[in-house]
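*Asks:* Take this structure first; my questions come after.
The values are calculated or read from the model by the stated rules, or taken from the named source; none is laboratory data. None of the values given here were measured: they were computed from a predicted structure. Quick reminder, even Gly has a Cβ in these numbers, built from the backbone with ideal geometry, and neighbours come from all protein chains shown. These accessible areas exclude ligands, DNA and RNA; they are computed on the full protein's heavy atoms, side chains included. Shrake-Rupley method; radii C 1.70, N 1.55, O 1.52, S 1.80 Å.
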Amino acid sequence: MLSSAGRPSVARQFRPLISHASRYSTSPYNNILVSTPAPGVTLVTLNRPKSLNALSTPLILDLNAALKEADTDPTVGAIVITGSEKAFAAGADIKEMQHQSFADVYEKSFIKNWGEATNIKKPILAAVNGYALGGGCELALMADIIYAGEKAVFGQPEIKLGIIPGAGGTQRLTRLIGKSRAMELILTGKTFAAKQALEWGIVSAVFSPEQLVDEAVKTAGTIAGSGRLAVQAAKEAVNYGLQVGLEQGLLYERRLFHSLFATEDQKEGMTAFIEKRAAKFKGK
């Protein structure tokens, strides 16, 4: 399902996961909450409860701005995106799209900027509880690591609205689970549960809804504690390798590996290993 704003009977069940944000929030945004639940970790909570976090242009602009801010903040090593227990994001905001024409969406490249999360250098973890449908599923698929709550529901049901996924669903989902499964899901609009997502390799782990964000923050904290340059290089190598052949990927990996020998973090990491102490990385 893609969300259309204003479903009061369902929205009353919506409980934002803002325990971290309420304690650490510094958010200047209208549609998201931004907090620092652990050293080096930025937590972005989608926050449109009345519409089950339907992805609107204002929300995407807020999200992109927050991600870019975290990406350029030297104190941040990893980012977590989450929603509520009811919905990560139940889809795109249909009310925003309903009356637009081909000329409207084509001339302004509508939803092109929804993919800006993939330009972020620092690792992004998606903590998905509840519905991740349509654009919500596509947003989750843009993350580097996906954790799901036990009751999470994924899907690309755009076909039921006379359209197709437009923010990467036909491409990323197919690469993850293969043509036949992706075709079935996209052409029928069927949803799939967290257990299936785990079996298919879409998500890395499944947790109880109450534990999900804490587990994602814990992993993000572990990543943030490593050398920032090495972490970013590793992400770059993996993503580049997905777009090219094996030989090109191996060459690119080796070049990045060699380049890290020019960093202070490499010297510190190896020295700390020899001296049997914890490394003190500086991102240099």
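*Asks:* Within the stretch 231-284, work out how many residues are β-branched (Val, Ile, Thr) and within 24 Å of the chain's Cα centre (by Cα).
*Replies:* Residues of the stretch 231-284 that are β-branched (Val, Ile, Thr), as a first pass: 231, 238, 244, 263, 271, 274.
Subsequent filtering for residues that are within 24 Å of the chain's Cα centre (by Cα) retains 231, 238, 244.
Looking only at that region, the number is 3.
*Asks:* Still on this structure, I have one more. Taking into account only those residues within the stretch 86-111 that are surrounded by fewer than 24 Cβ atoms within 10 Å (Cβ to Cβ) and of a type in the set (A, V, I, L, M, F, W, C), which is nearest to residue 132 (Cα to Cα)?
*Replies:* Going through the qualifying residues, I end up with 94.
*Asks:* Note down all Cβ pairs under 7 Å where the first residue falls in the stretch 73-86 and is in contact (Cβ under 8 Å) with a residue 40 or more places away in the chain, the second is open to solvent by 10 Å² or more (accessible area, probe 1.4 Å) and hydroxyl-bearing (Ser, Thr, Tyr), and they're at least six residues apart or on different chains.
*Replies:* Hits for this filter: 76/42; 79/42.
*Asks:* Let me ask something additional. List every residue pair whose Cβ atoms lie under 7 Å apart, where the two residues are 6 or more positions apart in sequence or sit on different chains, the first residue falls within the stretch 156-181 and is over 12 Å from residue 202 (Cβ atoms), and the second residue, located anywhere, is open to solvent by 70 Å² or more (accessible area, probe 1.4 Å) and part of a helix (DSSP H, G or I).
*Replies:* Qualifying pairs under 7 Å: 159/187.
*Asks:* Here is a follow-up. Looking at 9, 4, which one is more than 19 Å from residue 142 (Cα to Cα), surrounded by fewer than 17 Cβ atoms within 10 Å (Cβ to Cβ) and modelled with pLDDT under 95?
*Replies:* Unique residue meeting the criteria: 9.
*Asks:* What is the residue count in the stretch 73-107 for residues that are within 28 Å of residue 144 (Cα to Cα), at pLDDT below 90 and of a type in the set (D, E, K, R)?
*Replies:* Number satisfying all stated conditions: 1.
*Asks:* For the stretch 177-219, give me each residue that is hydrophobic (A, V, I, L, M, F, W, C), exposed (fewer than 15 other Cβ atoms within 10 Å of the Cβ) and out of contact with any strand residue (DSSP E or B) (no Cβ under 6 Å at 6 or more places or on another chain). Walk me through it before giving the result.
*Replies:* From the stretch 177-219, those hydrophobic (A, V, I, L, M, F, W, C) are 177, 182-183, 185-187, 192-194, 197-198, 200, 202-203, 205-207, 212-213, 216-217; that's our starting set.
The next check asks that each one be exposed (fewer than 15 other Cβ atoms within 10 Å of the Cβ); those that pass are 183, 187, 205.
Correct list: 183, 187.
*Asks:* If residue 266 satisfies every condition in (1) of a type outside the set (Ser, Thr, Tyr); (2) over 19 Å from residue 136 (Cα atoms); (3) without any contact (Cβ under 8 Å) to a residue 24 or more places away in the chain but one, which is the exception?
*Replies:* Here residue 266 clears every test but (3).
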